[in-house]
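Here's the structure we're looking at; comments come further down.
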Amino acid sequence: MRLRRVLLATALMLTGAPGIAAPAAPAPAAVGDRIAAALSHRLFPLLSAIGADPAAVARLRARPGIAAMLADRAGRRTACGQDLTCIAQALVWTPAEAATLVGAIPTDAPAADDGAAAQAQREIDGVNVVLRTFGLGQVPRYPLIDGAGMIDPQETRARLQAAEWLTRTPRAGSAQALDGSVEFALALLDASDRTDAIAFDPLTGGLNAAAFRRAGTLDWKRWRYSALILTGVGPETPDMPLSPFGKYHVRLAAERFARGEMPFIIVTGGRAHPRATRFTEAEQMRTALIDRYGVPADAILVEPYARHTTTNLRNAARMLATLAAPAGMTALIVCNPGQSEMIASPAFAQRNLTELGYAPGRVGQRLSPTELEFQPASASLRVDPRDPLDP
């Protein structure tokens, strides 16, 4: 009889009989994701900070036009149903939507030197770049280096589907409560195995730890230059760790450093040539400087993110600021004659304005076919996720 009563009670519970409440399904728990959190903080620090704070989201939604605009965006996404390409397109911010959000960002929000509005606009532009490049197949400015490349349509669908599922799965500290586009962009980069922007963080540790310790003991007035900046010049051949030009760059740097006019060599170059290579230019140049030329490890700083000459200089300027090199102190760029001539040209100055929005520093006197003086600019500290592999 007892067994019969148990079976009857179970049956009534499953059928939802009055008087017997079925146990409530537990609410999905928002779990932390170290990789997604680090990538979000690096690429979209302002939007992520607002989105992760319920009070900040509520204040932003209360601003004129914000709640209606976000509701329209959510409705546009819902209307796509299961059409993954439509969903990715629906998450792209229109100029009007971006202007509405940017205009509502509090002026005291954490941001770069040019203000919260400018930082918010760069981050929205960065979200759009990721969605279009890694989700919708838009060809980037440098297709041989950047973007997703030619991939199978089934793989494209798998990445979009994973991004859609991940965006709808709660993540602790995410911007999902504000808008799904940031999380979708992060998931697309993760699904494409392109989390390059955080691969070597923190830059003050790891391969750079010894150099940063030494920097704390320096008398900078002893040196003519703050550092020798050795630019990347990657191979176009898969599985080639250091290009022929890269080997030439390394010897130039070793010879120039041996004269004793600067305390550090900054080797700068990311995982760029060819697209999606497994080798990081800066890491390979550091190895060659140590193994082939005997340069001390604590005299070399690795900047492993730059993908273009513009960001070689921008990121080197950031590295010097982090190192606490004196403001206004000149550095020396060393590279092959062709690249050196290009850096000194008006066309390169315009390229910086087009691609970065500012000059990462002032290119000074060209001392020889392979040497240029360079004064870093403080504007280089701005986060710019429009290049999501090297913000």
- Note on the structure: Restricting segment 124-158 to residues that are modelled with pLDDT of 90 or more, under 29 Å from ALA99 (Cα atoms) and not hydrophobic (A, V, I, L, M, F, W, C), the one surrounded by the most Cβ atoms within 10 Å (Cβ to Cβ) turns out to be GLY135
- Where residues in segment 99-121 are under 11 Å from LEU60 (Cβ atoms) and among the aliphatic types (A, V, I, L, M), which of them is surrounded by the most Cβ atoms within 10 Å (Cβ to Cβ)? LEU101
- For segment 190-206, what are the residues that are in a helix (DSSP H, G or I), under 16 Å from ALA162 (Cα atoms) and touching a helix residue (DSSP H, G or I) at 6+ places or on another chain (Cβ under 6 Å)? ALA191
- Task: For segment 181-207, name all the residues that are of a type in the set (Asp, Glu), open to solvent by less than 20 Å² (accessible area, probe 1.4 Å) and either closer than 30 Å to ALA297 by Cβ or in contact with a Gly (Cβ under 7 Å, 6 or more places away or on another chain) (or both).
- Result: ASP196
- If you scan segment 218-269, which residues turn out to be of a type in the set (Phe, Trp, Tyr) and either open to solvent by less than 10 Å² (accessible area, probe 1.4 Å) or touching a strand residue (DSSP E or B) at 6+ places or on another chain (Cβ under 6 Å) (or both)? TYR225, PHE257, PHE264
- Query: Any idea how many residues of segment 281-338 are over 19 Å from ASP384 (Cβ atoms), within 26 Å of the chain's Cα centre (by Cα), touching a residue at least 60 places away in the same chain (Cβ under 8 Å) and part of a loop (DSSP other than H, G, I, E, B)?
  - Reply: 4
- Task: Consider only pairs whose beta carbons are under 7 Å apart and that are at least six residues apart or on different chains; among these, list those whose first residue lies in segment 198-215 and is touching a residue at least 24 places away in the same chain (Cβ under 8 Å) and whose second residue is among the β-branched types (Val, Ile, Thr) and in a loop (DSSP other than H, G, I, E, B).
- Result: PHE212/THR204
- Task: Could you tell me which numbered condition PRO238 fails, if it satisfies all but one of (1) more than 16 Å from ALA316 (Cβ to Cβ); (2) in a helix (DSSP H, G or I)?
- Result: (2)
- Do you know which of the residues in segment 85-135 that are part of a helix (DSSP H, G or I) and polar (S, T, N, Q) is farthest from ASP196 (Cα to Cα)? THR100
- Message: Any residue at all in segment 13-25 that's farther than 24 Å from GLU164 by Cβ, open to solvent by 50 Å² or more (accessible area, probe 1.4 Å), at pLDDT below 95 and assigned to a helix (DSSP H, G or I)?
- Response: yes
- Long-range neighbours under 6 Å by Cβ, at least six apart or interchain, first residue without any contact (Cβ under 8 Å) to a residue 12 or more places away in the chain within segment 136-148, second surrounded by 13 or more Cβ atoms within 10 Å (Cβ to Cβ): GLN138/ARG132; PRO140/THR133; PRO140/ASP146; PRO140/GLY147
- What are the residues in segment 340-391 that are polar (S, T, N, Q) and not in a strand (DSSP E or B), if any? SER340, SER345, GLN350, ASN352, THR354, THR370, SER378, SER380
- Note on the structure: Residues in segment 326-340 that are exposed (fewer than 15 other Cβ atoms within 10 Å of the Cβ) and modelled with pLDDT of 95 or more total 3
- Would you mention how many residues in segment 204-238 are within 30 Å of ARG159 (Cβ to Cβ) and at pLDDT below 95? 6
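The values are calculated or read from the model by the stated rules, or taken from the named source; none is laboratory data. Please read these numbers as outputs of a predicted model, since none were measured by experiment. Every residue, glycine among them, receives a Cβ derived from its backbone with ideal geometry; neighbour counts consider all protein chains shown. All accessible areas refer to the heavy atoms of the entire protein, side chains included, with ligands and DNA or RNA removed. Shrake-Rupley method; radii C 1.70, N 1.55, O 1.52, S 1.80 Å.
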